[in-house]
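Written out below as structure tokens is the structure these notes cover.
The values are calculated or read from the model by the stated rules, or taken from the named source; none is laboratory data. The model shown is predicted, which means the values in this text are computed figures rather than measured ones. FYI the Cβ positions are ideal-geometry reconstructions off the backbone, even for glycines, and counts take in every protein chain you see.
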Amino acid sequence: MAQQLCHRTRSLLRLSAIVSSSSASSSLIPLSDSIIPRQQQQRAGFAADALTVDVPVPFKAHKCDAPSLSVETSAQELLSFFKTMFTMRRMEIAADSLYKSKFIRGFCHLYDGQEAVCVGMEASLNQKDCIITAYRDHCIHLGRGGTLLEVFSELMGRKDGCSLGKGGSMHMYNKKGGFFGGNGIVGAQTPLGAGLAFAQKYLKVDGVTLTMYGDGAANQGQLFEAMNIAALWSLPVIFVCENNHYGMGTAEWRSAKSPEYYKRGDYVPGMKVDGMDCLAVKQAVKYAKEYTLKNGPFVLEFDTYRYHGHSMSDPGSTYRTRDEISGVRQERDPIERIRKLLLSLEIASVSDLKTLEKEAKSEVDEALAKAKESPQPDTSELFSHIWVKGYGAEAYGADRKEVVVKLP
Amino acid sequence: MAMAWQALAATAVTTGNVVPLAASSSSRFPRLQLVTPILSHELGRCRLATRSSATSYFGTAPQNRGTTNVTTNAVATKEAFTSSATTTGGHELLLFEALREGLEEELDRDPTVCVIGEDVGHYGGSYKVTKGFVEKFGDWRLLDTPICENSFTGMAIGAAMTGLRPVIEGMNMGFLLLAYNQIANNCGMLHYTSGGQFTIPVVIRGPGGVGRQLGAEHSQRLESYFQSVPGLQMVACSTPYNAKGLMKAAIRSENPVILFEHVLLYNLKEKIPDEEYTCCLEEAELVRPGEDITILTYSRMRYHVTQAAKTLVNKGYDPEIIDIRSLKPFDMYTIGQSVKKTHRVLIVEECMRTGGIGASLRAAIMENFFHDLDAPIGCLSSQDVPTPYSGPLEELTVVQPPQIVAAVEQLCSRE
């Protein structure tokens, strides 16, 4: 077991070494050598001019052609990546301390380390697309248009939460933003996602559904059922596997005979992407969306990592070494990667980035303070939203003699 | 909006059989009801049974999809052991045809309604409820799925979150156990956990109950398994009249509704009205008024009860039979009025004894109407056994009319 752990750590570090090494082979171009700016950047001021960045880790394709490694982006976009990811990171760290000081109870699954997946995805999606995911949903809610106040209030069970305090960490939804949750049961969101894609095709909406799940959920039967139907009916659904290599405490190699999750769709084409690289994620989702709108389902596997344990009740170090965690943090952290890119492209200086960081920190602190002041939900909320009024549905109290609530 | 409601209410008075009741103080609109004329003296009792107000029908936006001439509440009244029907006009059909008619009308009326299930399309439905639909509505509205209840139920729920109204057909109710997680966790709870952002207007329907020697795994009664899931509404149909009405109401409802049909009732024949109607989803049906004892039942057991009632009447008893129809929530109003009159209750159900609908109903009646009872509440349910294949043994698992007669005699003899 220890041997296998070391093997895992070694392979993760090897991957990161390839990324940052300057003496890599020609097929793997280090970041700093591969940038082809279309225009010279000014040191002062943030220009929105377009530029192209080559991502280092190649895509692994299954029954499809891999897209180009040159990603079109802009200075503005890179800066927004940095700011958004940093905000998300601060939010998750704040949630960590809230949990430890018992403001958040129950289960709290943190997304830090995986921010690049969420932010990169959003760069290639629009409002017509739908996202549904599992319980590690705080950052995805934010990415879909949720506010920090909504997230913090919901985590603490207050009235201003996105689900009015009745959902909690695992049940965040944003209907307007096209975010369908927020699901507690592992894998149960995959058929829901296929259903969303079905509705998009039925209503002729020009959008795709991204159904997200983890490496642990990839072994659920209902996922294969959903893939089968999606392929049969050519539904515009992208099955996104966020492979952080651990299903709670069980490592990938111990739970999956074939850990090549992008190939698990069999007849459904797939692609494996470095999930710690925002730009690679953006490119992959763009490619997948184009494919899916024409041809039916697609599987994307994002190779990513979570720094925290599975949830706040899990220290995260009993099944993996601290060296592994700190190794990934040093070599592959998504925020550091963008920081290095911004600095080397001279889009921003160290002090510019520090300013952005300060802004993000203060936004998070402000939202947190406001959320702490938000009141608890009213007692009447216990009975609201059980049934929708229609054809005489009323909710009675325990005595069933009087109508306690007329349903909204 | 108010003007539209009044216009709709006005046009609903179509046939000579409709008797407008006096408007109650809490409702702006007259309560409309379809009753048979001979029972004018029963109107008082019928009014007690009609609680659903016209406001709840007209109130929600999806109902304003241009329907007219729909009576929201058509109540069955005393007619010797048959449910209500118009005395003029109407057409006769079998229960599965009534379900089909209701489903077809809703598919015509609302393009977001679709049917998803195994063999519902090209095969026409394993009980012919969707026969001929795929030719009329197309492959995209009558979806033939592979055999994967868990995921197609989940898909229907996901589609419902965006506003579609899928009707999920379980070929046999028992197969829906495979989709239990989706029904309990997603279907029932999404409206609540999302703080009201999403509604799940699905209808889950299928035949269940003990049939003719179908074996243990195909004779499941799922009412008891789903009854404690918050957010679900459950109704059981028993006649062609209420089958069509409940089907239509369930499709129009914004809540997830489970419509329990019974394998043995599909070929029941009855005359139903020609005009469009729906039944209230949470209302009980008075099958036979009486004075001595209230017998509460639903689905197939209604017929065992009415058969037993013939014997009871000959023996001099006057049982009041109520088909509770709404399994969740219970129509405690109708049931309560009846209990206050007769002071004795017998529940006859096909559910298992342990944790069944009867168990919950017994507790609810005891809690609310204890002081109105002269005798303990009787409950006849199926035996807590897997349904055996052998014919005589299978008959022993469900409640039979002689047992009902004996139970009534025992309850009525207590003084």
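A few points about this structure:
- Within the stretch B:151-203, tally of residues that are in a helix (DSSP H, G or I) and touching a Pro at 6+ places or on another chain (Cβ under 6 Å): 7
- Among the residues making up the stretch A:117-140, those that are more than 18 Å from residue B:162 (Cβ to Cβ) and within 14 Å of chain B (Cβ to nearest Cβ) are A:134, A:135, A:137.
- Members of the stretch A:251-264 found to be surrounded by fewer than 20 Cβ atoms within 10 Å (Cβ to Cβ) and closer than 21 Å to residue A:276 by Cα, listed by number: A:251, A:252, A:253, A:259, A:260, A:263
- Candidate set: the stretch B:284-299, residues that are of a type in the set (A, V, I, L, M, F, W, C) and farther than 12 Å from residue B:342 by Cα; chosen: the one farthest from the other protein chains (Cβ to nearest Cβ): B:287
- Candidate set: the stretch A:184-226, residues that are more than 12 Å from residue B:158 (Cα to Cα) and polar (S, T, N, Q); chosen: the one nearest to the other protein chains (Cβ to nearest Cβ): A:222
For every residue, the table says whether it meets (1) in a loop (DSSP other than H, G, I, E, B); (2) under 20 Å from the mean Cα position of the chain (by Cα).
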site: A:293; (1), (2): no, no
site: A:302; (1), (2): no, yes
site: A:311; (1), (2): yes, yes
site: A:318; (1), (2): yes, no
site: A:326; (1), (2): no, no
site: A:335; (1), (2): no, yes
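- Residue A:343 fulfils the conditions (1) touching a residue at least 12 places away in the same chain (Cβ under 8 Å); (2) of a type outside the set (Val, Ile, Thr); (3) closer than 29 Å to residue A:244 by Cβ; (4) surrounded by 13 or more Cβ atoms within 10 Å (Cβ to Cβ) except for a single criterion, (1).
- Condition met for residue B:213 (free of Cβ contacts under 8 Å to residues at least 60 places away in the same chain, over 26 Å from residue A:169 (Cβ atoms), away from chain A (no Cβ under 14 Å) and in a loop (DSSP other than H, G, I, E, B)): no
- Residue B:312 satisfies every condition listed in (1) buried (at least 19 other Cβ atoms within 10 Å of the Cβ); (2) closer than 26 Å to residue B:208 by Cα except (2).
- Residue B:407 vs. criteria within 29 Å of residue B:214 (Cα to Cα), surrounded by fewer than 23 Cβ atoms within 10 Å (Cβ to Cβ) and over 21 Å from the mean Cα position of the chain (by Cα): yes
- Check on residue B:281, within 14 Å of chain A (Cβ to nearest Cβ), assigned to a strand (DSSP E or B) and either within 20 Å of residue B:379 (Cα to Cα) or hydrophobic (A, V, I, L, M, F, W, C) (or both): no
- Selection from the stretch B:377-393 of residues that are touching a residue at least 24 places away in the same chain (Cβ under 8 Å) and either out of contact with any Gly (no Cβ under 7 Å at 6 or more places or on another chain) or among the polar types (S, T, N, Q) (or both): B:377, B:378, B:380, B:381, B:382, B:383, B:384, B:386, B:387, B:388, B:390, B:391
- Among the residues of the stretch B:377-410, the one identified as part of a loop (DSSP other than H, G, I, E, B) and of a type in the set (Gly, Ala, Ser) is B:390.
- If the condition is being more than 7 Å from chain A (Cβ to nearest Cβ) and surrounded by fewer than 24 Cβ atoms within 10 Å (Cβ to Cβ), then the stretch B:150-164 contributes only B:163.
- Criterion applied to B:168, B:147 was being within 14 Å of chain A (Cβ to nearest Cβ) and modelled with pLDDT under 95, and the one residue passing it is B:147.
- Enumeration of residues in the stretch B:229-254 that are within 13 Å of chain A (Cβ to nearest Cβ) and in contact (Cβ under 8 Å) with a residue 60 or more places away in the chain: B:232, B:233, B:234, B:235, B:245, B:246, B:247, B:248, B:251, B:252, B:254
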